[in-house]
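Engineer: Below you'll find the structure I mean.
The values are calculated or read from the model by the stated rules, or taken from the named source; none is laboratory data. It should be emphasised that the depicted structure is a prediction, and the values quoted were computed from it without experimental measurement. Cβ placement follows ideal geometry from the backbone for every residue including glycine, while neighbour counts extend to all protein chains displayed. Protein only, heavy atoms only, side chains kept; ligands, DNA and RNA dropped before computing areas. Shrake-Rupley method; radii C 1.70, N 1.55, O 1.52, S 1.80 Å.
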Amino acid sequence: MAHTVTLIPGDGIGPELADASRRVLDASGIEFEWETVDAGEAVMAQYGTPLPEHVLESIRRNRIALKGPITTPIGGGFRSVNVTLRQVLGLYANLRPGRSIKGLQTRYEDVDLVIVRENTEDLYAGIEHMVGRDAAESIKIITREASERIARFAFEYAVANGRHKVTAVHKANIMKLSDGLFLESCRTVAADYDGRIEFEDRIVDNMCMQLVQKPELYDVLVLPNLYGDIVSDLVAGMVGGLGVAPGANIGLDAAVFEPVHGSAPKYAGLDKANPTAMILSGALMLRHLGYPTEAQRVEDAVRDVIAAGVATTYDLGGPAGTAAFADAIVARLEN
Ligand code: NAD
């Protein structure tokens, strides 16, 4: 039976990466029916919104989507499609694994971290207003319900994936109420896993330094939305950059898989961007659908092509374009 998946190519480099990812996943041995729908800048004029209702309906119906990056204007313009999607569909958990890839020149070896980022509240709740002309307020929302839910997701992920420790990351020394509640919620949930999964907490600034100095001490990190966003780019940088960092947004009723990186407008249409992050997001999707063997095959094929070093994109030091990189991965899968 073919799996129907909503495919949102996105803006900038998104369409090229979506095409590359679709071809690789079609070679994974699992049959997909791709329902392609457009969101982002390109559809603004036609629908008056970057996120038309039929896009949401498609994801609700199929319960699964693979998505390219979508541009968010800075300052004015429409609200982030990415943030809206996560909130509207209740995709409360943002999973971002950061794992070193053999053959990839980076400052670190053997990094193996998993970021679990709360995806629906914090400063991303979008509650902002001006106070007179010369001051602005953004309101940070942290609830016990969302914090316990994300902490439980992190612990359940740790149990299901053979990980040994969860570290809660916060700034509860300064934001005693909001971050204090996040930490308290993590502690409450941790008690249910006592003796099975280790638990500790770190203040976010210290966490950044520790990750740079001794990443091997950490395993699964659970963070509120903003720190999760920032720390996941830090971890992406440790394993080879945004071009290789995959992600998943998971809720009770749907899941949307997408790279950590944005739409990199300067490379749009140039066949230059690295498709790895979106392809590895597709591998996370395969795992989510219950195909760990096929997911592993895709991950191994990507790793093999990177280790061989001849068909990779500019950011990995190679001479190939997006399509040729994907061709090499497809060829590995087909052999
Ligand atoms: P970006 O991730 O697009 O680019 C940051 C840097 O990484 C750039 O130098 C870019 O060229 C490089 N890069 C990113 N992806 C790459 C790839 N696959 N291969 C090679 N190099 C790659 O971040 P930005 O410039 O801050 O954002 C651009 C736009 O994307 C903004 O409108 C932003 O809001 C949006 N954005 C969207 C998402 C999403 O859709 N989930 C995430 C982040 C940013």
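Engineer: So Asp219 passes all but one of these: (1) at pLDDT 95 or above; (2) under 19 Å from the mean Cα position of the chain (by Cα); (3) acidic (Asp, Glu); (4) within 16 Å of the ligand (Cβ to nearest atom). Which condition number does it fail?
Structural biologist: Looking at each condition in turn, Asp219 falls short on (4).
Engineer: Same structure again: Taking interchain pairs and intrachain pairs at least six residues apart, which have beta carbon atoms under 8 angstrom, with the first residue in the stretch 120-134 and free of Cβ contacts under 8 Å to residues at least 12 places away in the same chain and the second open to solvent by 70 Å² or more (accessible area, probe 1.4 Å) and among the polar types (S, T, N, Q)?
Structural biologist: none
Engineer: Could you run through the stretch 12-54 and say how many residues are open to solvent by 60 Å² or more (accessible area, probe 1.4 Å), of a type outside the set (A, V, I, L, M, F, W, C), within 16 Å of the ligand (Cβ to nearest atom) and at pLDDT below 95?
Structural biologist: Final tally of qualifying residues: 1.
Engineer: Sort through Ala277, Ala236 and tell me the only one that's closer than 13 Å to Glu16 by Cβ and within 10 Å of the ligand (Cβ to nearest atom).
Structural biologist: Ala277
Engineer: Something else now. Is the stretch 221-232 home to any residue that is small (Gly, Ala, Ser), open to solvent by less than 30 Å² (accessible area, probe 1.4 Å) and closer than 20 Å to Glu145 by Cβ?
Structural biologist: Yes: one or more hits.
Engineer: To continue, here is another question. Condition first: touching a helix residue (DSSP H, G or I) at 6+ places or on another chain (Cβ under 7 Å), more than 16 Å from the ligand (Cβ to nearest atom) and open to solvent by 20 Å² or more (accessible area, probe 1.4 Å). Now tell me which residues in the stretch 300-327 satisfy that.
Structural biologist: Asp304
Engineer: Within the stretch 256-264, is there a residue that is more than 10 Å from the ligand (Cβ to nearest atom) and either more than 22 Å from Thr6 (Cβ to Cβ) or open to solvent by less than 10 Å² (accessible area, probe 1.4 Å) (or both)?
Structural biologist: Yes, some residue in the stretch 256-264 is more than 10 Å from the ligand (Cβ to nearest atom) and either more than 22 Å from Thr6 (Cβ to Cβ) or open to solvent by less than 10 Å² (accessible area, probe 1.4 Å) (or both).
Engineer: Have a look at Gly126, Gly75 and point out the one that is of a type in the set (Gly, Ala, Ser), out of contact with any strand residue (DSSP E or B) (no Cβ under 9 Å at 6 or more places or on another chain) and either surrounded by 21 or more Cβ atoms within 10 Å (Cβ to Cβ) or more than 18 Å from Asp253 (Cα to Cα) (or both).
Structural biologist: Exactly one residue qualifies, and that residue is Gly75.
Engineer: Determine the pairs where a residue that is closer than 20 Å to Asn62 by Cβ and outside any loop (DSSP other than H, G, I, E, B), located within the stretch 249-263, has a partner that is open to solvent by 20 Å² or more (accessible area, probe 1.4 Å) and more than 15 Å from the ligand (Cβ to nearest atom) with Cβ atoms under 8 Å apart, the partner being 6 or more residues away or on another chain.
Structural biologist: Partner pairs satisfying both residue conditions: Ile250/Tyr92; Ile250/Phe153; Ile250/His288; Ala255/Arg63; Ala255/His288; Phe257/His288.
Engineer: Could you give me the residue pairs with C-beta distances under 9 Å whose first residue belongs to the stretch 77-91 and is of a type outside the set (Gly, Ala, Ser), whose second residue is near the ligand (Cβ under 10 Å from one of its atoms) and in a helix (DSSP H, G or I) wherever it lies, and which are 6+ apart or on separate chains?
Structural biologist: Every condition considered, the pairs that remain are Phe78/Glu41; Leu91/Leu85.
Engineer: What are the residues in the stretch 64-93 that are among the polar types (S, T, N, Q) and within 12 Å of the ligand (Cβ to nearest atom), if any?
Structural biologist: Listed by number, the residues that qualify are Thr71, Thr72, Ser80, Asn82, Thr84.
Engineer: Answer with yes or no whether His288 is within 11 Å of the ligand (Cβ to nearest atom) and closer than 25 Å to Phe153 by Cα.
Structural biologist: Values: within 11 Å of the ligand (Cβ to nearest atom): no; closer than 25 Å to Phe153 by Cα: yes.
Criteria not met by His288.
Engineer: Next up: Determine which single condition Glu109 fails, assuming it passes every other condition in (1) of a type in the set (D, E, K, R); (2) part of a strand (DSSP E or B); (3) without any contact (Cβ under 8 Å) to a residue 12 or more places away in the chain.
Structural biologist: It is condition (2) that Glu109 fails.
Engineer: Can you tell me how many residues in the stretch 79-119 are open to solvent by 30 Å² or more (accessible area, probe 1.4 Å) and among the β-branched types (Val, Ile, Thr)?
Structural biologist: 3
Engineer: Suppose the filter is out of contact with any Leu (no Cβ under 9 Å at 6 or more places or on another chain) and either at negative phi or not β-branched (Val, Ile, Thr) (or both); does Ala331 pass it?
Structural biologist: yes
Engineer: Is it the case that Val5 is of a type outside the set (Phe, Trp, Tyr), without any contact (Cβ under 8 Å) to a residue 60 or more places away in the chain and not in a loop (DSSP other than H, G, I, E, B)? Walk me through how you get there before you give the answer.
Structural biologist: Working: of a type outside the set (Phe, Trp, Tyr): yes; without any contact (Cβ under 8 Å) to a residue 60 or more places away in the chain: no; not in a loop (DSSP other than H, G, I, E, B): yes.
Against the criterion (of a type outside the set (Phe, Trp, Tyr), without any contact (Cβ under 8 Å) to a residue 60 or more places away in the chain and not in a loop (DSSP other than H, G, I, E, B)), Val5 does not qualify.
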